[in-house]
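I have placed the structure first, in the form of structure tokens, so that the comments after it can refer back to it.
Please treat every number below as a calculation from the coordinates, not as lab data. Note that the coordinates shown come from a computational prediction; the quantities given were computed from them, not determined experimentally. Note: ideal-geometry Cβ built from the backbone for every residue, glycine included; neighbour counts use all protein chains shown.
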Amino acid sequence: MEVVILGTADDVARLAADRIAALVRRRPDAVLGLATGSSPTGIYAELARRVAGGELEMSGVRGFALDEYVGIPLDHPESYASVIAREVVGPLRLSPDRVRVPDGRAADLEAAAEDYDRAVAAAGGIDLQLLGIGANGHIGFNEPTSSFASRTRIKTLAPRTRADNARFFASPDEVPTHCLTQGLGTILEARELLLVAQGEAKAEAVAAAVEGPLTSMCPASALQLHRRAAVVVDEAAASALRLAAYYRHTYALKPEWQRP
Ligand code: GLP
């Protein structure tokens, strides 16, 4: 695993945007795995700035969101369909018909989940999966004890996750109880994983994912199984890493990771 520690959240956003931009230049119809939550917002803002400035063209990109709440109206501002439309598709000028979000309103949720994995496979798989991390170590909505072999499916949100996400809703009771999420097995099939985290609240989860044992109690530890996984964090999110000095040293010796 590549662990990159940078000074600030803005540095994290810029480096992650560099990785995505380099992929899209190489492959204009790249398939991106899109994350929601607050962690990737700086990356999307940085990519949007480059698109608006004419440096980058993303209209050929295909996208698959990681997850969606179950039962939330599609036009609710906090449905991930709305968030992806507002924060990603619009600002990055993606083609809306090339971006998909799991259908949390489907009458048959299991069929919708299977359909989703089939659609990812039909697109040729995900080239780069962007990830945030929950304070409890979740990725997507794969809560602790999620199977490393799991596919896109219905999950019950952990109380901690509902409490953390209550800030996006008018009241804690409004936070949905269930979701559809890509499974850990689905996520591990992406050709490259890029997890970003900022702030001290994520420090323990980052340390557990990078340096802890491989355990479903920390679903993000599944990244240890991937050949091309990078964890890009700011100083605060890196503060519980025991081998921070080593990561800084190895990063300094990796020209392919330096900013252009
Ligand atoms: C959310 C999302 C995840 C996200 C995580 C962290 O609920 N389902 O994809 O990575 O929890 O959220 P944030 O980035 O807002 O801290």
| said: Given R₀ = 41 Å, what would the calculated FRET efficiency be for ARG25 paired with ALA135, taking r from the Cβ atoms and rounding to 0.05? | reply: 0.75
| note | Within the range 180-199, the residues whose backbone N lies under 20 Å from a label point placed 7 Å from the Cα of GLU110 along the Cα-to-Cβ direction are 180-186
| remark: Rounded to the nearest 0.05, FRET efficiency between LEU74 and GLN224 (Cβ-Cβ, R0 41 Å) equals 0.70
| remark: For the chain, percent of DSSP beta bridges that are antiparallel (nearest 5) comes out at 30 percent
| query | Can you put LEU243, LEU157 in order, fewest other beta carbons within 10 Å first? | reply | LEU243, LEU157
| task | Calculate the radius of gyration of the Cα atoms of the range 1-77 to one decimal place, then report Dmax, the largest Cα-Cα distance, as a whole number, both in Å. | result | 14.1, 39
| On full extension of the chain, what length is gained from ALA158 through ARG14, given 0.36 nm per residue of separation minus the C-alpha to C-alpha distance? | 48.7 nm
| field | For ASP234, ASP103, ASP97, order by how many other beta-carbon atoms lie within 10 Å, fewest first | value | ASP97, ASP103, ASP234
| task | Can you give me the three principal axis dimensions of the chain from its C-alpha atoms, in Å, biggest first? | result | 52, 41, 34
| How do VAL4, VAL231 rank when sorted from fewest to most other Cβ atoms within 10 Å of their own Cβ? | VAL4, VAL231
| message | Rounded, prolate or oblate, given the Cα gyration tensor of the range 63-155, with a/c below 1.5 counting as rounded? | response | rounded
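Can you compute the FRET efficiency between ARG248 and ALA149 using 1/(1 + (r/R0)^6), with r the Cβ-Cβ distance and R0 = 25 Å? Round to the nearest 0.05. Intermediate results must be reported in sequence, preceding the final value.
Values: r = 34 Å, r/R0 = 1.37.
Once rounded, the FRET efficiency stands at 0.15.
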| remark: Looks like the range 160-260, by Cα gyration tensor root eigenvalues a ≥ b ≥ c and the a/c under 1.5 rounded cutoff (else prolate when a/b is bigger than b/c, oblate otherwise), is prolate
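Which longest uninterrupted range of the chain lacks any trypsin sites (Lys or Arg not before Pro) assigned by DSSP to a loop state (not H, G, I, E or B) and surrounded by at most 10 other Cβ atoms within 10 Å? Mind dumping the intermediate values first?
On the way: sites that count: ARG227, ARG242.
Counting at most 10 other Cβ atoms within 10 Å as exposed, the longest clean stretch of the chain is 1-226.
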